[in-house]
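Reading through the structure tokens given below for one structure.
The values are calculated or read from the model by the stated rules, or taken from the named source; none is laboratory data. Note that the structure is predicted; figures quoted are calculated from it, not measured. Positions of Cβ are backbone-derived with ideal geometry, glycine not excepted, and every protein chain shown enters the neighbour counts.
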């Protein structure tokens with residue numbers, strides 16, 4: 001299997017994923033301590049199913065970041081590809097947002113087939 005990212009880029013991407021995971025875990029802890037969940041979720045710009053509780057949304061986002069970290073660590077080709085169509089998101093976009101899961105053609109909240 002060929003590495004899609006050079007070692008330096010992989011380290012940078014992993015750090016970004018770890019930072020996002022820490023941010024989400026911190027917000028989840030604040031929520032469990034009584035913070036306003038809707039405000040936390042809005043501030044993070046998270047996409048969610050209608051009716052989902054803030055705790056569910058944060059846990060799902062944390063799980064998604066962890067899954068992407070595992071894919072990156074395993075050099076799994078699913079990392080860095082759109083979950084909807086499989087297009088490569090590109091290193092430049094991933095360096096900006098390492099937890100990205102969709103291309104521009106499939107933005108968050110877009111109707112899924």
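Applying the selection to segment 89-111, what residues are without any contact (Cβ under 8 Å) to a residue 60 or more places away in the chain and farther than 22 Å from residue 49 by Cα? Passing the criteria: 89, 90, 92, 93, 96.
Of all residue pairs spaced 6 or more apart or on separate chains, those with beta-carbon atoms under 6 Å, a first member in segment 65-82 that is at positive phi and in contact (Cβ under 8 Å) with a residue 24 or more places away in the chain and a second member that is crowded, with 16+ Cβ neighbours inside 10 Å and in a helix (DSSP H, G or I) are 80/94. Highlighted here are the helices (runs of 4 or more DSSP H) found entirely within the chain that include at least 1 residues which are exposed (fewer than 11 other Cβ atoms within 10 Å of the Cβ): 7-32, 37-44, 91-96. Would you be able to say whether some residue in segment 2-18 is free of Cβ contacts under 8 Å to residues at least 24 places away in the same chain and on the phi > 0 side of the Ramachandran plot? Within segment 2-18, none of the residues are free of Cβ contacts under 8 Å to residues at least 24 places away in the same chain and on the phi > 0 side of the Ramachandran plot. Of the numbered criteria (1) modelled with pLDDT of 95 or more; (2) within 15 Å of the chain's Cα centre (by Cα), the one residue 103 fails is (1).
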